[in-house]
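Working notes, structure below.
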Amino acid sequence: MKHRRLIAYIRHSRHRGRSYQPKFSYPQVLLSWLGSFVGISILAYLSAYSHYPLIAAPMGATAVLVFGVPDSPLAQPRNVIGGNFWGALVSILCVQIWGTAPWVMALAVATTIMLMKLTRTIHPPSGAVALVGVMSGVSWHFLLTPVLAGSAIIVLWTFVFNNTAPGRTYPRHWL
């Protein structure tokens, strides 16, 4: 009997979940692919130049937001730049004070979330910025290059790309 209820629950959940998931047209998919390819290419060269190759992970997640769902509140410039700023600053301070122990990684992510909520700059990849920062034992250089420079470049590229592509605009708001 429990087996049948479980199967019914899974079927119902699967059908219900489809209605919540966004659908994208093929042109939207192609434009998201092209924009993110060029944006990440720019950032990859910046990361290689600045010697912080791990930054590709958080900026990859940022690209998903700004090119995949550019209307999301989490993808707006205030959130991208502000959230990544908090992630980098917190990771630097944590490394300076406590080092790179596993509990410091957790502290950096949790503190970044708290500060983003207080400042209304929630950007999920910023948690990864904090985590990568502590894992890498970063210094003050990390804040400017690649985090703020990378964030500014991805926002500017998203602005240029989405406002020249047909049917796309970015951002919904700057601040």
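A compact table of results
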{"item": "Met59, Met114, Met105, ranked by accessible area, largest first (probe 1.4 Å)", "result": "Met114, Met105, Met59"}
{"item": "Exposure ranking of Ile81, Ile154 by accessible area [1.4 Å probe, largest first]", "result": "Ile81, Ile154"}
{"item": "From phi via Karplus (6.51, -1.76, 1.60), per-residue ³J(HN,Hα) for the range 69-82 in Hz, x at Gly/Pro", "result": "9, x, 7, 4, x, 6, 9, 7, x, 4, 6, 4, 6, x"}
{"item": "Area of Phe85 that stays accessible when all protein chains are in place (1.4 Å probe, Å², to 10)", "result": "60 Å²"}
{"item": "Protection-proxy order for peptides 160-169, 133-142, each taking the mean of Cβ atoms within 10 Å per residue, highest first", "result": "133-142, 160-169"}
{"item": "For the range 34-49, Karplus couplings with θ = phi - 60° (6.51, -1.76, 1.60), whole Hz, Gly/Pro x", "result": "5, x, 5, 4, 5, x, 5, 4, 4, 5, 4, 5, 4, 5, 5, 5"}
{"item": "Per-residue [θ]222 nm for the chain (sum of -39500 (n - 2.57) over DSSP H runs n ≥ 4, rounded to 500)", "result": "-23000 deg cm²/dmol"}
{"item": "Lys23, Lys2, ranked by accessible area, largest first (probe 1.4 Å)", "result": "Lys23, Lys2"}
{"item": "Per-residue HN-Hα couplings for the range 117-129 [Karplus 6.51, -1.76, 1.60; θ = phi - 60°; Hz; x = Gly/Pro]", "result": "5, 5, 9, 6, 10, 4, 8, x, x, 5, x, 5, 4"}
{"item": "Residue (of Leu34, Ala48, Asn84) at the positive-pole extreme of the chain, dipole from beta-carbon charges", "result": "Leu34"}
{"item": "Value of relative contact order over the chain, rounded to a whole percent, pairs C-alpha under 8 Å and six or more apart", "result": "27 percent"}
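The values are calculated or read from the model by the stated rules, or taken from the named source; none is laboratory data. As the structure is a prediction and not an experimental result, all values here were calculated from the model. Don't worry about glycine lacking a Cβ; one is built from the backbone with ideal geometry, like all the others, and counts go over all protein chains shown. Note: accessible area is taken over every heavy atom of the protein model, side chains too, but ligands, DNA and RNA are not part of it. Shrake-Rupley method; radii C 1.70, N 1.55, O 1.52, S 1.80 Å.
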